[in-house]
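The structure under discussion appears below in the form of structure tokens.
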Amino acid sequence: MKDQKTKKIPPGYKQTELGIIPEDWEVKRLGDIFDIEEKVKRECKIHKQKIYALLTVKLYAKGIIIRELVRGRMLIGKKLYLVNEGDFIFSKIDVRNGAWGFVGHMNFTSLISGDFPILRLKSQLADRSFVQFYISKKSLWSYLQNISEGTTNRQRIGSSELLKNAVIILPPLPEQQAIARVLSDVDELIESLSKLIEKKKNIKKGAMQELLTGKRRLPGFGVGRGYKQTELGVIPEDWEVKKLGDLGDLYAGGTPSTSNPLYWNGPIIWLQSGRIQNNVIKKLDNEITITEEGLKNSAAKLIRKNSVLIAITGATCGNVAFLPFEATANQSVVSVVTNHNNIAKFLYHKLLSERPKILQLQNGSAQGGVNLNSLKKIQLFTPPLPEQQAIARVLSDMDEEIEALEKKKAKYENLKKAMMQVLLTGKIRLKNFAKV
């Protein structure tokens with residue numbers, strides 16, 4: 001058995017507790033590459049007039065942020081600890097969420113509470129960027145969850161010694177730095193796409209504010225026309241104020257009996273209100289479906305494609321969506337099937353911009369619903385059909401551009417995950433470090 005196992009190890013690799021890794025790589029404990037600072041040495045003497053930055057670890061985003069800036073007199077009597085640039089801060093609480101980060105440059109004297117161990121990386125052994133990428137791996141957080149105490153939602157590491165025993169695979173320092181550079185390049189690309197997406201979204205938001213209110217007219221529209229005063233404000237002369245109920249047919253959906261299996265798993269898509277996310281709805285591989293019998297024997301109604309959907313109850317209340325395919329929906333969703341004088345895509349964008357009006361119709365608490373009749377009375381100003389079509393095209397083109405960028409970003413995020421999987425484990429070596 002031993003010989004068979006040995007044969008599976010490629011030349012230049014070795015078996016370790018973390019699996020097969022390159023011969024010149026090592027398995028280290030976090031305690032080997034970090035010094036865990038004694039808190040007593042970091043306890044800060046507070047000066048009343050000085051301003052301090054109180055730091056915390058941002059959950060999910062994995063980074064150190066300034067929680068607040070506080071004048072010293074407000075901190076007298078509290079045990080707080082000095083934090084330096086390059087310190088690694090880890091939350092003993094909320095282990096499940098992987099709350100950690102390296103401290104960057106701060107313009108104020110920075111302090112943190114005793115719930116956060118302060119670690120200092122031994123730079124002669126490990127590269128900060130490489131360690132940062134490695135520590136983001138799920139396998140490490142699985143280990144930390146296993147050694148933590150408390151409830152699932154509030155897990156705590158009781159001892160710094162346990163943290164010291166978490167394991168990490170380390171290549172030689174030059175290879176760490178090379179791997180970190182490659183992954184950082186992908187990160188920069190992802191970050192640049194994120195900024196571009198945000199810029200495009202802001203451009204679209206500005207275009208919606210101008211085009212959907214008539215403040216700016218597209219070329220060929222409104223030539224020689226002025227503006228007029230209405231109950232909703234000043235609008236172009238050739239636009240009209242109409243109620244939502246005048247723009248098409250509105251109706252709520254329904255749910256077939258869940259106790260009757262003959263009503264479910266048929267050919268008709270059935271949407272829940274959670275799918276209404278201010279988006280163009282995409283078909284899923286695992287759609288909930290109902291049968292013709294389920295449709296006939298319930299309040300559910302067939303919604304034609306190119307309709308607008310509005311969530312009227314629950315957490316998504318007020319959300320809007322565009323439905324490009326035929327479907328049904330539950331009773332928490334209102335469908336708007338536009339008449340021949342109105343374009344659904346225009347109405348979709350218009351209702352997105354009017355969400356506050358919908359939310360004002362909620363009954364009772366934040367989870368309260370919106371009455372269908374009240375929804376029909378919402379007033380909107382609408383341009384003539386050709387201008388609706390033109391505005392809808394412009395805004396939809398912007399949506400498609402943003403969606404293409406988001407897909408590109410997701411592609412690079414997946415690429416980064418795949419690269420981390422092979423580069424941080426040594427399964428693939430960078431060219432200058434691979435053993436021949």
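Quick one: in region 35-49, which of the residues that are in a loop (DSSP other than H, G, I, E, B) and in contact (Cβ under 8 Å) with a residue 12 or more places away in the chain is nearest to GLN124 (Cα to Cα)? Steps first, please.
Filtering region 35-49 down to residues in a loop (DSSP other than H, G, I, E, B) leaves 37-38, 44-49.
Applying the additional criterion that residues be in contact (Cβ under 8 Å) with a residue 12 or more places away in the chain yields 37, 44, 46-49.
Values: GLU37: 17, CYS44: 28, ILE46: 33, HIS47: 35, LYS48: 38, GLN49: 39 Å.
Selected residue: GLU37.
Can you find, within region 274-307, the residue that is surrounded by the most Cβ atoms within 10 Å (Cβ to Cβ) among those that are at negative phi, within 19 Å of the chain's Cα centre (by Cα) and of a type in the set (S, T, N, Q)?
ASN279
Give region 80-93 a look and list any residue that's at pLDDT below 90 and surrounded by fewer than 19 Cβ atoms within 10 Å (Cβ to Cβ), or say none.
To start, the set of residues in region 80-93 that are at pLDDT below 90 comprises 88-93.
Matches in region 80-93: ILE93 only.
Anything in region 17-32 that is exposed (fewer than 15 other Cβ atoms within 10 Å of the Cβ) and under 33 Å from the mean Cα position of the chain (by Cα)? List them, or say none.
LEU18, GLY19, ARG29
Quick check on my filter: what residues within region 228-254 are surrounded by 15 or more Cβ atoms within 10 Å (Cβ to Cβ) and of a type in the set (Gly, Ala, Ser)?
GLY245, GLY248, ALA252, GLY253, GLY254
Mind checking whether some residue in region 361-372 is surrounded by 16 or more Cβ atoms within 10 Å (Cβ to Cβ), closer than 30 Å to CYS317 by Cβ and outside the structural domain of LYS282 (by TED's automatic domain parsing)? Reasoning before the result, please.
First pass over region 361-372, keeping only residues surrounded by 16 or more Cβ atoms within 10 Å (Cβ to Cβ): 361-362, 369-370.
Those left that are additionally closer than 30 Å to CYS317 by Cβ: 361-362, 369-370.
In the following step, the residues that additionally are outside the structural domain of LYS282 (by TED's automatic domain parsing) were identified as none.
No, because not a single residue in region 361-372 is surrounded by 16 or more Cβ atoms within 10 Å (Cβ to Cβ), closer than 30 Å to CYS317 by Cβ and outside the structural domain of LYS282 (by TED's automatic domain parsing).
Residues that are within 30 Å of LYS14 (Cβ to Cβ): list the helices (runs of 4 or more DSSP H) wholly contained in region 339-436 that include at least 1 such residues.
In region 339-436, the matching helices (runs of 4 or more DSSP H) lie at 385-423.
Run SER257 past the list (1) under 16 Å from VAL337 (Cβ atoms); (2) loosely packed, with under 14 Cβ neighbours inside 10 Å; (3) hydroxyl-bearing (Ser, Thr, Tyr) and report the number of the one that doesn't hold.
(1)
Name the residue, out of ALA329, ALA321, ALA392, ALA311, that is under 17 Å from ASN278 (Cβ atoms), free of Cβ contacts under 8 Å to residues at least 40 places away in the same chain, surrounded by 15 or more Cβ atoms within 10 Å (Cβ to Cβ) and of a type in the set (A, V, I, L, M).
ALA311
Across region 37-78, what is the total count of residues that are at pLDDT below 85, more than 18 Å from GLY114 (Cα to Cα) and exposed (fewer than 13 other Cβ atoms within 10 Å of the Cβ)?
So the count comes out to 2.
Specify the residue that is farthest from ILE310 (Cα to Cα); the eligible residues are those in region 376-389 that are crowded, with 18+ Cβ neighbours inside 10 Å and not β-branched (Val, Ile, Thr).
Going through the qualifying residues, I end up with GLU387.
Only one residue in SER184, SER123 is at pLDDT 95 or above and of a type outside the set (Asp, Glu). Which one?
On the way: SER123 fails: at pLDDT 95 or above.
Answer to the check: SER184.
Considering (1) part of a strand (DSSP E or B); (2) of a type in the set (A, V, I, L, M); (3) surrounded by fewer than 18 Cβ atoms within 10 Å (Cβ to Cβ), say which one VAL223 fails and leave the rest.
With (1) part of a strand (DSSP E or B); (2) of a type in the set (A, V, I, L, M); (3) surrounded by fewer than 18 Cβ atoms within 10 Å (Cβ to Cβ) applied to VAL223, the lone miss is (1).
The values are calculated or read from the model by the stated rules, or taken from the named source; none is laboratory data. Everything quoted here is computed from the prediction, not taken from an experiment. Please note: Cβ atoms are built from the backbone with ideal geometry, for glycine as well, and neighbour counts cover all protein chains shown.
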